[in-house]
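The values are calculated or read from the model by the stated rules, or taken from the named source; none is laboratory data. All figures in this text were calculated on a predicted structure; none of them were measured in a lab. Neighbour counts are summed over all protein chains in view; Cβ atoms, including those assigned to glycine, are modelled from backbone coordinates with ideal geometry. For accessibility, only protein heavy atoms count, side chains too; no ligands or nucleic acids. Shrake-Rupley method; radii C 1.70, N 1.55, O 1.52, S 1.80 Å.
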Amino acid sequence: MTSENKTELERQMKYIEQCKVYTAAFQVEHGRIPRACVVTFGCQMNARDSEKLSGILEQAGYELTDSEEEADFVLYNTCTVRDNANQRVYGRLGHLNSLKKKRPYLKIALCGCMMQEAAVIEKIQKSYRFVDLIFGTHNLFRFAELLSTVLASEDMIVDIWEETDQIVENLPVKRKYNYKSGVNIMFGCNNFCSYCIVPYVRGRERSRTPEEILCEIEQLVEDGVVEVMLLGQNVNSYGKNLEHPISFAELLRRVEKIQGLKRIRFMTSHPKDLSDELIEVMQRSPKICRHLHLPLQAGSNRILQAMNRHYTKEQYLALVDRIRHAIPDIAITTDIIVGFPGETSADVDETIDVVRRVQFDNAFTFIYSPRTGTPAAAMENQIPEEVVHENFDRLLFEVQETAKSRAALLQGKVMEALVEGVNEQDPAFVTGRLSNNMLVHFRADRRLVGKFVMVILDACHGFYYTGRMVDWLSQTKHTRLGKMVDNQWLN
Ligand code: SAH
Ligand code: SF4
Ligand code: F3S
């Protein structure tokens with residue numbers, strides 16, 4: 001740990017102590033522990049940030065709740081990748097305002113990517129005066145300090161940084177799951193895809209050192225974690241700017257050596273930087289899951305170039321061929337945008353052609369959303385949404401058909417699943433995740449959550465399976481019996 005990191009960590013821990021004075025006073029006044037609710041919008045990176053924010057709130061003396069209705073502190077960790085993410089936040093803020101009218105001591109805080117946009121801050125300061133605290137993505141590690149300030153203040157506190165080069169390690173974390181965890185390996189993005197706002201709101205790419213990452217994973221494993229998801233906007237460029245550069249494939253090799261860790265996933269891979277070294281490491285690894293999320297975005301070379309993606313349709317297809325050749329049982333999923341400025345039906349035909357050829361196991365399809373400040377938003381040939389819909393529906397049909405046929409290939413097979421939770425519809429069932437990221441629902445005891453079991457995939461329902469757990473106990477009895485009989489014969 002650097003001395004800069006140590007000092008900042010110590011400062012924040014002091015602020016947590018100050019917050020505890022407030023939460024203790026709250027308890028005396030209200031006869032109960034104050035409750036905090038953290039709501040996450042957006043990607044896995046935001047979900048991991050929310051675990052850090054929750055960790056600080058818990059240490060500060062809050063009880064965590066999923067219910068905004070019963071919370072005394074509500075924190076929205078926002079996303080701005082597409083406009084509908086923003087609209088959801090504004091919609092829910094209206095509801096929070098009515099809650100605050102009933103309970104004036106309710107504190108409302110906003111953070112995350114959306115807060116890095118000047119226009120958003122202006123709008124909230126003008127039309128959402130009841131918000132108490134606003135901070136951004138770069139000063140998340142200062143949350144304890146901001147919390148202690150806002151708890152002692154009646155004013156709206158706004159603290160947004162333009163950038164940071166600091167990575168503060170070892171702040172408290174409250175994990176959502178006992179058995180799996182996200183692990184940040186890098187922050188920010190340098191790719192500037194022309195439609196994307198992430199580089200503007202998350203800043204330049206910064207990698208954590210392999211030592212810090214390995215140390216965190218070792219601690220997680222000691223704490224019962226069996227699966228990690230390594231997180232970065234473009235994991236394939238991990239480590240390039242470190243003092244001692246290291247490749248992502250090499251990082252994976254080191255992570256793999258951690259005893260007790262069973263499964264490794266990662267997100268997201270930019271096709272332009274995916275190396276043969278990575279394919280080789282994945283091929284050899286018993287721990288790296290048989291799943292690769294490889295965003296295509298578009299199949300037309302003209303559009304890919306306008307998107308600043310740095311690969312062609314042909315290069316993407318060749319890459320998929322190399323991956324499938326080396327790892328035949330891998331599931332490949334993708335992201336696709338429809339309606340990028342200037343995109344014609346013929347361009348979408350190219351995308352559909354890639355979908356048919358690659359046979360994606362799943363694809364997330366998005367309607368292009370212009371983001372202020374990005375080059376694509378300033379392009380002249382924006383396409384009206386009504387026109388986009390027809391192309392979007394055509395693509396969605398193909399994506400669903402190919403995904404269904406891919407899933408059908410595994411029907412009847414026996415595979416290992418990590419039990420992730422009790423089924424929401426029927427508590428006699430649990431939901432497990434296969435190495436290829438597909439879900440399977442089967443009847444089993446809830447005490448198996450966090451454990452690996454073998455499951456027969458009886459029926460495929462498009463995006464998930466229903467199955468049966470393989471009853472190893474009865475199988476073992478049979479073999480034992482078999483052996484005993486053999487031995488008797490021998491005697
Ligand atoms: N770093 C990741 C993606 C992060 S954003 C990567 O490069 O793949 C997740 C997805 O949102 C992107 O893959 C893209 O498909 C979609 N997306 C990003 N900006 C968008 C926009 N302006 N409109 C519509 N979809 C967008
Ligand atoms: Fe956005 Fe492109 Fe960076 Fe992904 S790689 S976060 S799509 S700019
Ligand atoms: Fe959204 Fe920020 Fe993630 S914009 S997708 S939460 S990096």
### Task
Output the antiparallel fraction of DSSP beta bridges having both residues in the chain, as a percent to the nearest 5.
35 percent
### All-pairs Cα distance distribution in the chain, expressed in whole percent, bin size 10 Å
4, 17, 26, 27, 18, 6, 2, 1, 0, 0
### Message
Probe of 1.4 angstrom, ligands and nucleic acids ignored: what's the accessible area per residue over the stretch 354-483, in square angstrom?
### Response
58 Å²
### Query
Expressed as a whole percent, how much of the Cα-Cα distance distribution for the stretch 1-116 exceeds 24 Å?
33 percent
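With a sphere of radius 13 Å drawn around the Cβ of Asn236, what net charge do the other residues whose Cβ falls strictly inside it have (Lys, Arg +1; Asp, Glu -1)?
Every neighbour counted, the sum reads -3.
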### Query
How much area per residue is accessible in the stretch 225-285 when the probe is 1.4 Å and only protein heavy atoms are counted (Å²)?
41 Å²
#### Entry: Interatomic Cα distance distribution for the stretch 133-208, bins of 5 angstrom, percent
3, 12, 19, 19, 19, 15, 9, 3, 0
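Taking every DSSP beta bridge that has both residues in the stretch 331-443, what percent is antiparallel when rounded to the nearest 5?
Within the stretch 331-443, antiparallel bridges account for around 60 percent of the total.
First measure r as the distance between the Cβ atoms of Lys123 and Arg253, then evaluate 1/(1 + (r/R0)^6) with R0 = 45 Å and state the FRET efficiency to the nearest 0.05.
On the way: r = 47 Å, r/R0 = 1.05.
After rounding, the FRET efficiency stands at 0.45.
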## Note on the structure
Cys residues of the chain with no disulfide-compatible partner (no other Cys Cβ under 4.7 Å) are Cys19, Cys37, Cys43, Cys79, Cys111, Cys113, Cys189, Cys215, Cys289, Cys460
### Query
At what distance in nm do the modelled label points of Ala318 and Phe130 sit from each other, each positioned 7 Å from its Cα along Cα→Cβ?
5.8 nm
### Task
Set the Förster distance to 41 Å, then compute FRET efficiency between Thr2 and Arg394 from the Cβ-Cβ distance, nearest 0.05.
0.20
### Query
In nm, to one decimal, how far is the Thr466 label point from the Phe366 one, both placed 7 Å along Cα→Cβ?
3.4 nm
### Task
Take the solvent-accessible surface of the protein heavy atoms, probe 1.4 Å, and return the percent of it on the chain that carbon and sulfur atoms account for.
51 percent
#### Entry: Span per principal axis, largest first, for the Cα atoms of the stretch 279-387 (Å)
48, 27, 23
### Query
In nanometres, what is the gap between the two model label sites at Arg204 and Arg284, each 7 Å from Cα along Cα-to-Cβ?
3.4 nm
### Task
Pull out the extension gain between Glu380 and Leu409, defined as 0.36 nm times the separation in residues minus the alpha carbon to alpha carbon distance; nm, one decimal.
6.0 nm
### Task
Write down the accessible area per residue of the stretch 16-170 in Å², having rolled a 1.4 Å probe over the full set of protein chains.
43 Å²
### Task
Determine the alpha carbon to alpha carbon distance for each of Lys6/Lys52; Lys14/Lys100; Lys100/Lys176 and list only those over 22 Å.
Lys14/Lys100; Lys100/Lys176
### Summary
With the 8 Å Cα cutoff and a minimum separation of six or more residues, the chain has a relative contact order in percent of 9 percent
### Task
Evaluate 2.2 N^0.38 Å with N set to the residue count of the stretch 388-448, then give the Cα radius of gyration divided by it.
1.47
